[in-house]
Amino acid sequence: MTDTYALEDAINRAGKTKKEVAQHLGLSEQGFLLKLNNKSEFKPSEILKLCKLLCLKDNSIFFAE
């Protein structure tokens, strides 16, 4: 389960919008929001892209409990 608050914080700190992040992942904004809100899961390739885009040191926010 993704830590929604931590991911939103990382997006804000990176100076990105949710729409920009969705486009970077090749998703619609609605599709990205479904993943952000744990209605759908991020694919491993999407997690890697997000870590690079948002300069995350690890991917632990995608595996919160």
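The values are calculated or read from the model by the stated rules, or taken from the named source; none is laboratory data. The model shown is predicted, which means the values in this text are computed figures rather than measured ones. When we count neighbours, we look across all protein chains shown, and the Cβ atoms used for this are built from the backbone with ideal geometry, even at glycine. Areas reflect the complete protein model, heavy atoms only, side chains present, ligands, DNA and RNA absent. Shrake-Rupley method; radii C 1.70, N 1.55, O 1.52, S 1.80 Å.
Neighbours of Glu46 by Cβ distance under 12 Å: Lys/Arg scored +1, Asp/Glu scored -1, total +3.
Count Lys and Arg as plus one, Asp and Glu as minus one, and take only other residues whose Cβ is under 13 Å from that of Leu33; the net charge is then +2. Which is farthest toward the positive dipole end of the chain among Leu50, Gln23, Leu34, measuring Cα position about the Cα centre, with Cβ charges +1 (Lys, Arg) and -1 (Asp, Glu)? Value: Gln23. Only the Cβ atoms of Lys and Arg (+1) and of Asp and Glu (-1) were treated as charged; on that basis the dipole of the chain about its Cα centre amounts to roughly 240 debye.
Working note: 222 nm ellipticity from helices only, DSSP H runs with n ≥ 4, each -39,500 (n - 2.57), summed and divided by the residues of the chain, gives -15500 deg cm²/dmol to the nearest 500.
Only protein atoms count toward the accessible area here, which uses a 1.4 Å probe; on the chain, the carbon and sulfur part of that area reaches 51 percent. Looking at the chain, the accessible area is 68 square angstrom per residue; that uses a 1.4 Å probe and ignores ligands, DNA and RNA. Of [x] -0.27, -0.43; [y] -0.32, -0.48; [z] -0.46, -0.64, which is the value of log10 I(q)/I(0) by the Debye sum over Cα atoms at q = 0.13, 0.16 Å⁻¹ derived from the coordinates here? Matching entry in [x] -0.27, -0.43; [y] -0.32, -0.48; [z] -0.46, -0.64: [x]. Which net charge results when you count Lys and Arg as +1 and Asp and Glu as -1 among the other residues whose beta-carbon is under 15 Å from that of Cys55? That works out to +2.
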